[in-house]
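One structure is given below, encoded as structure tokens.
The values are calculated or read from the model by the stated rules, or taken from the named source; none is laboratory data. The shown structure was predicted, so the numbers you read here are calculated from the model rather than taken from an experiment. Cβ atoms come from the backbone with ideal geometry, glycine included; neighbour counts cover every protein chain shown.
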């Protein structure tokens, strides 16, 4: 299984070597990408620059646009800024998103400089998830890193404004799973349509009340039962163990 996962990761173009991540090291240079894009009349092109200029953990750590998008961040000349020879890839999509994030986040040596306690196997785990397996089969509608964490203005997981902070996780998952048009065509293993009422049902639960009314951040939300990067339905044979991770130590 491990070899299969590694093969899938590498097939997706993930660069997990020190040399690969080293290329994304923060550099003390002018970020003309942001200054140019911020002034563009097209909001679609300007918004990423203004969002990134706000509270973004990568910007605060010294990273710039070119570290993810490639290109030359030292020039205002359009052709030079978008030079494919400098690695320009514009807006990544699908497998390219996973590869872009894994370029640094999958490199233990590199990540030790910034977040030594952070896991570096997220890409490999994602490859085993329902999302990852469907993406590998060509389904580009499934969630990738940016759908859960955002692309610009990314915050730490423990930031209350992060889309993956415990009290925000359900709404983040529901942004796809409660959208009937987006979920249309997806099926359960029994060939029934994938439901879109998970959020409304969860909001009626004791878990949701504990999380939102009692401010108990240990109360389970979507990812506590389904997983994070390796998200998948627990399955009937796993429900006891999934619930038991919390309830085995509870007196009631």
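Structure notes:
- Filter result for residue 142 (touching a helix residue (DSSP H, G or I) at 6+ places or on another chain (Cβ under 8 Å), part of a loop (DSSP other than H, G, I, E, B) and without any contact (Cβ under 8 Å) to a residue 60 or more places away in the chain): yes
- Matching option when the condition is touching a residue at least 40 places away in the same chain (Cβ under 8 Å), over 23 Å from residue 124 (Cα atoms) and not assigned by TED's automatic domain parsing to the domain that holds residue 122, among 212, 196: 212
- Options 243, 173: the member that is crowded, with 17+ Cβ neighbours inside 10 Å and in a helix (DSSP H, G or I): 173
- Of all residues in region 74-103, exactly one satisfies the criterion of being part of a loop (DSSP other than H, G, I, E, B) and either under 25 Å from residue 115 (Cα atoms) or not assigned by TED's automatic domain parsing to the domain that holds residue 31 (or both), namely 92.
- Within region 203-225, considering residues that are over 18 Å from residue 160 (Cα atoms) and surrounded by 17 or more Cβ atoms within 10 Å (Cβ to Cβ), the one modelled with the highest pLDDT: 207
- Some residue of region 178-186 being surrounded by 15 or more Cβ atoms within 10 Å (Cβ to Cβ), part of a loop (DSSP other than H, G, I, E, B) and in contact with a strand residue (DSSP E or B) (Cβ under 8 Å, 6 or more places away or on another chain): yes
- Residues that are surrounded by fewer than 17 Cβ atoms within 10 Å (Cβ to Cβ) and closer than 22 Å to residue 48 by Cβ within region 150-164 comprise 150, 156, 157, 159, 161, listed in sequence order.
- Of the residues making up region 98-144, those that are closer than 15 Å to residue 228 by Cβ and loosely packed, with under 15 Cβ neighbours inside 10 Å are 118, 119.
- Within region 26-66, the residues that satisfy the criterion of being surrounded by fewer than 19 Cβ atoms within 10 Å (Cβ to Cβ), free of Cβ contacts under 8 Å to residues at least 60 places away in the same chain and under 24 Å from residue 158 (Cα atoms) are 26, 50, 53, 60, 61, 62.
- Test result for residue 238, farther than 30 Å from residue 47 by Cβ and loosely packed, with under 12 Cβ neighbours inside 10 Å: no
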